[in-house]
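One structure is given here, and the rest of the page talks about it.
The values are calculated or read from the model by the stated rules, or taken from the named source; none is laboratory data. These numbers were taken from a predicted model, which means no experiment stands behind them. Backbone-built Cβ (ideal geometry, glycine too); neighbour counts: all protein chains shown. Side chains included, ligands, DNA and RNA excluded: accessible areas come from the protein's heavy atoms. Shrake-Rupley method; radii C 1.70, N 1.55, O 1.52, S 1.80 Å.
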Amino acid sequence: MADKNNKLAENVPGPWYVDSTCTPCRTCMEVAGADAIFKYNDGETYVYVHTQPAGDEQLKVAEEAAAVCPQNAIGNDGE
Ligand code: SF4
């Protein structure tokens, strides 16, 4: 379970976030459409949410990304 108390600072405000346990293994970025929601920081040391998912299709992408994340670093209980 991702920890909203450890959200990366770069996440845009909203429910979806990546926490500091992202390695980054890149698995979530292999989900089709993930780049509309997630991106790498400059040094590619982690992934963060650059745009909150909007609409059913993007929500499915975010949910799939969260499901495949081996670190459980992606959460949707943020603010
Ligand atoms: S799948 Fe999880 S650990 Fe891997 S890059 Fe994405 S958020 Fe980070």
- request: Please find, among ASN76, ASN72, the residue that is more than 9 Å from the ligand (Cβ to nearest atom) and of a type outside the set (Val, Ile, Thr).
  value: ASN76
field: Lone unmet requirement of (1) open to solvent by less than 80 Å² (accessible area, probe 1.4 Å); (2) away from the ligand (no atom under 13 Å from the Cβ); (3) part of a loop (DSSP other than H, G, I, E, B) for GLN58
entry: (3)
field: Conditions (1) open to solvent by less than 60 Å² (accessible area, probe 1.4 Å); (2) out of contact with any Lys or Arg (no Cβ under 9 Å at 6 or more places or on another chain); number of the one not met by VAL49
entry: (2)
query: Before we move on, is MET1 modelled with pLDDT under 95 and within 14 Å of the ligand (Cβ to nearest atom)?
result: yes
- prompt: Which residues, taken from region 27-55, are assigned to a loop (DSSP other than H, G, I, E, B) and under 18 Å from PRO13 (Cα atoms)?
  reply: ILE37, ASN41, TYR46, HIS50, THR51, GLN52, PRO53, ALA54
- line: With criteria (1) surrounded by 15 or more Cβ atoms within 10 Å (Cβ to Cβ); (2) part of a loop (DSSP other than H, G, I, E, B); (3) within 12 Å of the ligand (Cβ to nearest atom); (4) free of Cβ contacts under 8 Å to residues at least 40 places away in the same chain, ASN11 comes up short on (4)
- line: Across (1) surrounded by 15 or more Cβ atoms within 10 Å (Cβ to Cβ); (2) part of a loop (DSSP other than H, G, I, E, B); (3) in contact with a helix residue (DSSP H, G or I) (Cβ under 9 Å, 6 or more places away or on another chain), PRO24 clears everything bar (3)
